[in-house]
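The values are calculated or read from the model by the stated rules, or taken from the named source; none is laboratory data. The structure presented is a predicted model; accordingly, all values stated were derived computationally and were not measured. Cβ: placed from backbone, ideal geometry, glycine included. Neighbour counts: every protein chain shown.
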Amino acid sequence: MTEYKIALVGFGGVNRGLAQLVAERNARWQASLGFSLKIVGVSDIFLGSIVNRDGLDAAQLVALPAEKGAFAKLHGGTAEAFTETVIRQSGADIIAEATFTNPVDGEPATTFCRWALESGIHVVTTNKGPIALHGSELKALAQRNNVAFEYEGSVMSGTPVIRLARQALAGAEVQGFEGILNGTSNYVLTRMQEGLSFAAAVAQAQQLGYAEADPSADVDGYDVRLKVVILANELLNAKLQISDVACSGISNISAEDIATASRNGQCWKLIGAAQRQADGSVQASVAARLLPLSHPLAGISGATNAVSFTTELVGAVTVSGPGAGKIETAFALLSDIVAIHTSQQQ
Ligand SMILES: NC(=O)C1=CN([C@@H]2O[C@H](COP(=O)(O)OP(=O)(O)OC[C@H]3O[C@@H](n4cnc5c(N)ncnc54)[C@H](O)[C@@H]3O)[C@@H](O)[C@H]2O)C=CC1
Ligand SMILES: N[C@@H](CC=O)C(=O)O
């Protein structure tokens, strides 16, 4: 029976969700997936760090209070985040990187990924920064070191999108996509339609674990821009940089705008899109759009996301599912580990 040793970098909603899945489901995974996970290290800039090569108690980790330096309360733990030690010296086979997304330079997460990959350790991450801003470099580094770099959860959380489009739509010739790619902003627009204020809706999205550390990334479109770059580069080989994507958000949409749209049989949605042009280039954008209620994306509400791929051979293929959430996104990390396990068996 295979056991993968895993170290968690960042211990907020998503990696706590992964620890919870380990605590509740590890025994079942041995039978259903052919492997189990042993958590050998955790590092978080706020909570501190801990390493135990024999394995940490996942349930105890989940129960840890979200207090500064909390890892110092555990045997062998410290209030300081020795992230490089956790990555390089915990004996981990896999690093689950889930620190905050930095939309400007992808740091420090990109450095964490580099440390792991150059040490011959697989990386699974939900962090959009390293992929959107340094994806080619990190993929090449992984390849040189014969390890995997997987990031399914970076777009649409636990809803399979990247692997689905890359593998299941291979040969269908994807020409573009458009979709609702941010859970928080869609949640905010939905709650505003129901009468809640913008600020109260953002606060709820934060409480539910959907929002970024700085929620302006969600409502101003920067988060969707990263996801559009990731999808366009992955599926259309677009080689886009974030500066290539025109970007605006929903923070200027007022309660009155929403009420007017509703009276006219329309609704506002934040849409990320990319399309291959006749000359082979790819044009991409992020903007709030008024959609008629009959539009397929108009019915996507709350933190649900949806993306519609246009393909040459089978027309439009649309995928819908959770776009944010702690357990949902932790599942994406699990799906990356399943992909690593499957490739190791071949
Ligand atoms: N929550 C969600 O629904 C989704 C989140 N993501 C991405 O997953 C990542 C994690 O998300 P959450 O867990 O929700 O965020 P979070 O804010 O709950 O947790 C992030 C954790 O990283 C820690 N951290 C920040 N900087 C660090 C550093 N330099 N070294 C070590 N630890 C550091 C923070 O203290 C915090 O505990 C983010 O990049 C986010 O964009 C992706 C898809 C969905
Ligand atoms: N903050 C993001 C989380 C997933 O990437 C969102 O709301 O979609």
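Numbers for the structure displayed
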item: Any hit, segment 248-270, residues being in contact with a helix residue (DSSP H, G or I) (Cβ under 6 Å, 6 or more places away or on another chain), part of a loop (DSSP other than H, G, I, E, B) and crowded, with 21+ Cβ neighbours inside 10 Å; result: yes
item: THR304 being β-branched (Val, Ile, Thr) and away from ligand 2 (no atom under 16 Å from the Cβ); result: no
item: Selection within segment 39-57 - surrounded by 20 or more Cβ atoms within 10 Å (Cβ to Cβ) and more than 22 Å from the chain's Cα centre (by Cα); result: VAL40, GLY48, SER49, ILE50, VAL51, LEU56
item: Qualifying residue in segment 191-202 (condition: assigned by TED's automatic domain parsing to the domain that holds ASP257, of a type in the set (Asp, Glu) and within 14 Å of ligand 1 (Cβ to nearest atom)); result: no
item: Subset of segment 162-176 (residues that are in contact (Cβ under 8 Å) with a residue 60 or more places away in the chain and more than 19 Å from SER136 (Cα to Cα)); result: LEU164, LEU169, GLY171, ALA172, GLU173, VAL174, GLN175, GLY176
item: Output for segment 316-346, where each listed residue is β-branched (Val, Ile, Thr) and either within 16 Å of ligand 2 (Cβ to nearest atom) or at pLDDT below 95 (or both); result: VAL319, ILE327, THR329
item: Positions within segment 58-75 being crowded, with 17+ Cβ neighbours inside 10 Å, within 11 Å of ALA23 (Cα to Cα) and of a type outside the set (Gly, Ala, Ser), in sequence order; result: LEU61, VAL62
item: Hey, VAL104 away from ligand 2 (no atom under 14 Å from the Cβ), at pLDDT below 95 and of a type in the set (A, V, I, L, M) or not; result: yes
item: Residues satisfying the stated conditions in segment 301-321, i.e. under 12 Å from ILE180 (Cα atoms) and of a type in the set (Gly, Ala, Ser); result: SER301, GLY302, ALA303, ALA306, SER308, SER320, GLY321
item: Residues located in segment 213-229, provided they are buried (at least 21 other Cβ atoms within 10 Å of the Cβ) and either away from ligand 2 (no atom under 16 Å from the Cβ) or within 25 Å of GLY299 (Cβ to Cβ) (or both); result: ASP218, VAL219, ASP220, GLY221, ASP223, VAL224, ARG225, LYS227, VAL228
item: Output for segment 202-212, where each listed residue is surrounded by fewer than 22 Cβ atoms within 10 Å (Cβ to Cβ) and in contact with a helix residue (DSSP H, G or I) (Cβ under 6 Å, 6 or more places away or on another chain); result: GLY209, GLU212
item: Count of segment 193-221 residues which are in a helix (DSSP H, G or I) and in contact (Cβ under 8 Å) with a residue 40 or more places away in the chain; result: 4
item: Residue satisfying all of: in segment 1-25; away from ligand 1 (no atom under 14 Å from the Cβ) and crowded, with 17+ Cβ neighbours inside 10 Å; farthest from ASN52 (Cα to Cα) among these; result: VAL22
item: Test: ALA116 is assigned by TED's automatic domain parsing to the domain that holds LEU141 and either crowded, with 21+ Cβ neighbours inside 10 Å or part of a strand (DSSP E or B) (or both); result: yes
item: Segment 296-324 - residue that is buried (at least 17 other Cβ atoms within 10 Å of the Cβ) and assigned to a loop (DSSP other than H, G, I, E, B) and, of those, farthest from ligand 1 (Cβ to nearest atom); result: ALA298
